[in-house]
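The values are calculated or read from the model by the stated rules, or taken from the named source; none is laboratory data. The structure displayed is predicted, hence computed values, not measured ones. Heads up, the Cβs are rebuilt from the backbone with ideal geometry, glycines too, and the neighbour counts pull from every protein chain shown. Quick note on the areas: whole protein, heavy atoms, side chains included, nothing else; ligands and nucleic acids left out. Shrake-Rupley method; radii C 1.70, N 1.55, O 1.52, S 1.80 Å.
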Amino acid sequence: MADVVFTGEIFTIKRYVDGRGRVREVCSRPPTVGVIAVTDDKKIVLVNERRDKYKDRVYSLPSGRVDKESKPEEGAQRELREETGLRADTLELFMRSEPSNTLEYDRLVYIARGLKSDPLPQDDDEDIQVEHKTLEEAAMLALEGKIRPEISALAILRFKFAVETGKIDL
């Protein structure tokens, strides 16, 4: 049985004590979604924005926390619209990742196709530039450490591998 030791706006921390008195603390939060948006001309849509954590502008997939929707797919569509001004005709779950056994939340990445202009207002704290890159260019940015967070870089490299091995069409 776990005791909740902290509940914040986003995070909850639970403390587990096993039969021998060993303590394990687990932090949980709502899921995060990312989107590999593929344009009709086979480009990958990346966002370039200033992130205080990195003290610089960084590339990433359109992404964010699922906090207004009940389904991650709805959150992925909202983030895509807010950050890029595009809506997808189709969203397909590509990968799911969990950061660790002490940080409980899903990081889900979708492939978006059939992109159409349908913007939503950006969040007040976002300063985003949208860029379209070839898969090769996006993969190189990932390998050079210019794509953050790491889940975005991992998703792009996995997607490139899936395309190259014929598992997925670009």
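How compact is the stretch 89-170 by the rule of thumb for globular proteins, expressed as Cα Rg over 2.2 N^0.38 Å? Don't skip to the end; give the middle numbers.
Details: Rg = 14.4 Å, N = 82, 2.2 N^0.38 = 11.7 Å.
Working it through for the stretch 89-170, the quotient is 1.23.
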Could you tell me how many degrees, from 0 to 90 and to the nearest 10, lie between the Cα long axis of helix 72-84 and the main elongation axis, the longest principal axis, of the Cα atoms of the chain? 50
Once both labels are modelled 7 Å past Cα along the beta-carbon direction, what's the Lys68-Glu9 spacing in nm? 1.5
For the stretch 11-170, how many pairs of lysine residues have a Cα-Cα distance under 22 Å, where the two are 8 or more positions apart or belong to different chains? 18
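Just from its helices, what would the mean residue ellipticity at 222 nm be for the chain, if runs of 4 or more DSSP H residues each count -39500 (n - 2.57) and the sum is divided by every residue, rounded to the nearest 500 deg cm²/dmol? Working shown, then result.
Values: 3 runs with 37 residues, N = 170.
One gets -7000 deg cm²/dmol as the mean residue ellipticity at 222 nm.
Taking 0.36 nm per intervening residue step and subtracting the Cα-Cα distance, what contour gain separates Gln122 from Leu143 on full extension? It would help to have the intermediate numbers written out before the result.
Details: separation 21, 0.36 × 21 = 7.56 nm, distance 2.82 nm.
So the chain would gain 4.7 nm between Gln122 and Leu143.
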Once Arg113 and Asp89 are pulled to full extension, the length gained, defined as 0.36 nm per residue separation minus their Cα-Cα distance, is 8.0 nm
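Work out the P(r) tail for the stretch 87-134: percent of alpha carbon pairs separated by more than 17 Å, whole number. Let's see the in-between values first.
Values: 679 of 1128 pairs.
The share of Cα pairs beyond 17 Å in the stretch 87-134 comes to 60 percent.
Starting from the Cα-Cα distance between Asp52 and His132, subtract it from 0.36 nm times their residue separation and give me the gain in nm to one decimal. Spell out each step's value before the answer.
Values: separation 80, 0.36 × 80 = 28.80 nm, distance 2.33 nm.
Gain in length upon complete extension: 26.5 nm.
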Taking GluC sites (Glu not before Pro) as exposed when DSSP calls them loop (any state but H, G, I, E, B) and at most 11 other Cβ atoms lie within 10 Å, what is the longest stretch of the chain free of them, the sites themselves excluded? 10-143
In square angstrom, rounded to the nearest 10, how much accessible surface does Phe11 have for a 1.4 Å probe? 80
Calculated diffusion of the stretch 1-138, Stokes-Einstein form, Kirkwood radius summed over Cα pairs, 10 °C and 1.306 mPa s, µm²/s: 96
Between Leu157 and Arg24, how high is the FRET efficiency from 1/(1 + (r/R0)^6) when r is the Cβ-Cβ distance and R₀ = 25 Å? Nearest 0.05. 0.20
